[in-house]
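Following: one structure in structure tokens, then a few remarks.
The values are calculated or read from the model by the stated rules, or taken from the named source; none is laboratory data. Everything numeric in this text was worked out from a predicted model, so none of it was measured. Because the Cβ atoms are built from the backbone with ideal geometry, glycine has one as well, and the counts that use them run over all protein chains shown.
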Amino acid sequence: SEIATLADLYASQTLHPSNDTLPNATSKYNAQISLIRTDITTLATDAIVNAANDSLLGGGGVDGAIHRAAGPNLLRDCRRLNGCDTGDAKITDAYRLPCKKVIHAVGPIYDSASARRAGGHEKLLASCYTRSLDLAEESGCRSIAFSALSTGVYGYPSGEAAETAIKAVKGWLEEDEGRAGRMERVVFCSFLEKDERAYERLIPRFFPPA
Ligand code: AR6
């Protein structure tokens, strides 16, 4: 299938900001934050973020889609990483994918005893986003697309997950003045309408028009 570049997506107006769900698309934040509903394996951002599990050895959902599209070298690299803690992330090359790097983040299982023991699911989900941004920045990535971590098999409600994701990204961008310039675009890539609707509702609240 055809590989969609961000430029194509903007031109086709498939990729927001392109309409009134993200008013003032030229403001500092709205020019930087995008929403899209698509298969994340088609995106040519510098990095994409996978919703992995702590083994990093693949699975279903977006993890399965990413491994299928990247090819077997991705699993070979993941095997060398010795897993990953929940709330953390690790980075690999992207092989047959159109992006340059894959960041494998391990989200929490919603309302699970293990998440509670580790400080709560919200803290763990937020740290997936900030750790992924740290890794992207360290690797020189200037654009990153996140899947809606934990909102599938791991049972995180869409609205709560979107709010945590948006807050974590905003906090990370604002933590250091140079970051907003270095990370040119952050894409929230949803797959199901319920997740897209949650982002459409919440983004304007956290990234208001200037
Ligand atoms: N592109 C973008 N998003 C997708 C795609 C895709 N191709 N496919 C699904 N999604 P999930 P989790 C969305 O279940 O909840 C795996 O087996 C999906 O609609 O993939 O973090 C791992 O190995 C949802 O919004 O991940 C773990 O064992 C989001 O991706 C476990 O599932 C995440 O859903 C992780 O569970």
### Summary
Of the residues in segment 35-46 that are assigned to a helix (DSSP H, G or I) and within 8 Å of the ligand (Cβ to nearest atom), the one that is surrounded by the most Cβ atoms within 10 Å (Cβ to Cβ) is Ile40
### Query
So which residues in segment 118-145 are part of a loop (DSSP other than H, G, I, E, B) and either within 11 Å of the chain's Cα centre (by Cα) or buried (at least 21 other Cβ atoms within 10 Å of the Cβ) (or both)?
Cys141
## Note on the structure
Reported set for segment 77-94 where residues are crowded, with 17+ Cβ neighbours inside 10 Å and more than 13 Å from the ligand (Cβ to nearest atom) is Asp77, Asp88, Lys90, Ile91, Thr92, Ala94
### Task
Search segment 47-66 for residues being at pLDDT 95 or above and assigned to a loop (DSSP other than H, G, I, E, B), and hand back the single one that is nearest to the ligand (Cβ to nearest atom).
Asn53
#### Entry: Residue list for segment 161-210, restricted to those being surrounded by fewer than 23 Cβ atoms within 10 Å (Cβ to Cβ) and of a type in the set (Gly, Ala, Ser)
Ala168, Gly171, Gly178, Ala180, Gly181, Ala210
### Query
Can you pull out the residues in segment 85-116 that are at negative phi and among the acidic types (Asp, Glu)?
Asp85, Asp88, Asp93
### Query
What do you reckon, is Leu74 crowded, with 20+ Cβ neighbours inside 10 Å, modelled with pLDDT under 95 and more than 9 Å from the ligand (Cβ to nearest atom)?
no
#### Entry: Where Tyr199 falls short, out of the listed (1) touching an Asp or Glu at 6+ places or on another chain (Cβ under 9 Å); (2) under 29 Å from Asp93 (Cβ atoms)
(1)
